[in-house]
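I have placed the structure first, in the form of structure tokens, so that the comments after it can refer back to it.
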Amino acid sequence: MKIMRPFHPFSISLAALLTLAALPAHALQHKLDFESGLGGWSAIKGTSYFNWARWRGGTHSGHTGPASAHEGSYYLYLKASRNYPSRIAYLQSPEFDADLKSISFHYHMYGAHMGTLTLEGFDGSSWITLWVATGESHKSHGAPWTREAITLSGKGVRQIRFKGATTSKTISGQYRGDMAIDYVLVTSGEPKPPPGTKWSDASGHDIYYAPGNVGIGDTQPEADLSILGNLSKPLTGYMGITKGSTKVVGVGTQFTRELVVGDSLRIGDEVFIITTILGDTELTIDAPHTAGAPASTAYTDSNLLTVETGAEVKSLVIDKSGNVGIGKAPDVGHRLDVRGAARVDALKLAGKTACEKLQTDASGSVQCGKDADSGTITGVTAGAGLAGGGHSGTVSLRVDTAKIQNRVREGCPAGQSIRVIEESGGITCEADANSGGDITGVTAGDGLAGGGHSGTVSLRVDNTQVQRRVSQNCAMGRSIREIRADGTVVCGGGPDYDSGWFTMQSQQGTNSYKQVTHNLGVYPSRVKVLVKAIDGANKGFIFEGSGSAQNDDDGVYTQ
């Protein structure tokens with residue numbers, strides 16, 4: 001695969017890239033696709049009324065010409081209407097720096113009145129015929145373009161031209177003869193490098209290249225591969241979409257075999273993402289087409305290029321994610337994958353060069369320089385409290401339990417715990433979290449007796465102090481509610497139902513009685529006990545009581 005020197009930015013078709021892969025070493029590729037002009041070629045009118053014209057879409061005449069370009073949007077065509085008999089026009093290349101090795105191009109010749117298309121080369125003395133096609137070779141506007149490839153090695157040709165000639169018939173109305181060409185690729189030999197260049201095909205120079213070397217995006221060295229511009233692959237058949245629609249309908253298309261959901265799709269001058277594939281001839285895109293595109297060739301970036309060796313091993317892959325794999329197919333996580341050794345005299349990372357080692361810092365970034373903690377372990381020695389180690393093979397360390405058990409030679413006081421064991425066997429103690437220190441004495445407070453400052457101490461209630469505390473009583477009908485520290489009391493208000501005084505009255509005689517009255521503060525306040533004779537002879541007695549909850553004399557309790 002060789003460096004391409006485009007006449008302007010371009011998109012590489014799959015077929016063209018596969019052709020490039022077979023090119024010999026030290027060859028240059030030149031491309032002409034008419035997307036932005038003639039790329040340094042010249043349109044020469046000759047005897048024709050009309051010259052070769054750059055065009056997009058279908059031609060003006062019916063039943064002749066292509067529906068659209070083979071690659072991109074533009075192509076070149078020679079108009080046949082009122083341009084006969086045998087009118088000739090040329091499309092001529094500039095002179096190349098070295099002999100041409102090959103040429104490939106696409107042509108479309110649809111129309112009942114088609115003339116002749118010829119490719120000629122100049123060998124230094126005259127124009128010689130390299131290829132010729134006469135008459136109609138395509139049956140419709142939408143018929144796929146035909147690719148032609150011609151070997152030019154050994155012919156001494158450094159300049160070429162296309163010669164278009166209209167029909168030789170003189171019958172009027174011979175307008176169905178619009179011929180078209182598109183996507184021309186010319187391979188030439190590599191010119192000699194200028195004197196003093198550092199680029200060479202022999203070792204011993206600063207940089208040298210040989211078959212198998214690859215340059216990406218450079219024009220020097222002119223090695224086996226250079227990728228310039230964007231890559232895209234034309235799809236089989238033609239498709240159309242109306243303005244403002246997201247539905248794409250194809251003719252002769254193979255959507256289910258060439259596309260998957262998520263691929264990008266260029267229709268006309270707009271690029272979309274495929275959302276659904278309904279069949280080989282129908283799919284939907286993620287946004288409406290703003291202009292519409294009837295009968296167009298669509299392009300995708302899915303699986304753009306795969307080149308396999310004779311053993312069917314993938315040696316070059318360029319896919320839609322922009323990955324480039326050389327020597328093997330990369331996965332989605334690699335941008336460049338090279339199988340085999342890769343030599344870099346000065347690796348530049350984060351502004352540093354001449355790396356001894358590559359290391360990853362705490363943030364995950366790769367840094368250049370020697371890792372201070374790196375090196376070779378030559379031996380493992382057992383330290384204090386451990387046993388084992390060694391200087392070869394697999395070594396191990398273990399805890400020396402005998403040393404651990406003999407290290408502690410003392411204990412901590414009550415209420416404290418061991419916090420540090422010193423190498424000598426001594427310890428450092430600390431108070432427990434719930435301990436505030438040692439108790440040095442217990443003192444008896446008010447109402448208590450006992451205590452002490454050593455040994456086992458006890459506390460008891462001091463009864464004499466408790467008994468002496470009450471220094472007064474409450475008045476009759478009231479009770480103690482609070483005993484103060486000084487012995488005084490607080491008496492409760494209201495009647496005291498547990499205390500009071502009683503009085504008694506009596507009467508002698510036939511109607512003698514005894515009446516008892518109390519001072520409890522509730523009714524009945526008086527209880528009258530009447531003992532009297534039943535008759536005058538005092539042969540019987542009656543016991544009665546009077547009083548109620550509201551009045552002393554409003555009823556009789558017992559009769």
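Numerical summary
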read-out	value
Residues being touching a residue at least 12 places away in the same chain (Cβ under 8 Å), in a loop (DSSP other than H, G, I, E, B) and under 19 Å from residue 421 (Cα atoms) - total across the stretch 376-396	2
Matching residues in the stretch 78-136 - criterion: being crowded, with 19+ Cβ neighbours inside 10 Å and among the charged types (D, E, K, R)	79, 87, 101, 120
Test result for residue 148, closer than 21 Å to residue 89 by Cα, among the acidic types (Asp, Glu) and in a loop (DSSP other than H, G, I, E, B)	no
Matching residues, the stretch 39-50, being crowded, with 17+ Cβ neighbours inside 10 Å and at pLDDT 85 or above	39, 41, 43
Residue 244 vs. criteria farther than 24 Å from residue 66 by Cα, more than 29 Å from the chain's Cα centre (by Cα) and in a loop (DSSP other than H, G, I, E, B)	yes
Positions within the stretch 241-278 being modelled with pLDDT of 90 or more and either among the small types (Gly, Ala, Ser) or assigned by TED's automatic domain parsing to the domain that holds residue 182 (or both), in sequence order	244, 245, 250
Residue ID - modelled with the lowest pLDDT, chosen from residues in the stretch 455-490 that are under 21 Å from residue 445 (Cα atoms) and β-branched (Val, Ile, Thr)	466
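Yes or no, residue by residue, for (1) within 52 Å of the chain's Cα centre (by Cα); (2) outside the structural domain of residue 268 (by TED's automatic domain parsing); (3) over 19 Å from residue 185 (Cβ atoms):
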| position | (1), (2), (3) |
| --- | --- |
| 69 | yes, yes, no |
| 72 | yes, yes, no |
| 85 | no, yes, yes |
| 98 | yes, yes, no |
| 113 | no, yes, yes |
| 132 | no, yes, yes |
| 138 | yes, yes, yes |
| 141 | yes, yes, yes |
| 148 | yes, yes, no |
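The values are calculated or read from the model by the stated rules, or taken from the named source; none is laboratory data. Keep in mind it's a predicted model, so treat the numbers as computed, not measured. Positions of Cβ are backbone-derived with ideal geometry, glycine not excepted, and every protein chain shown enters the neighbour counts.
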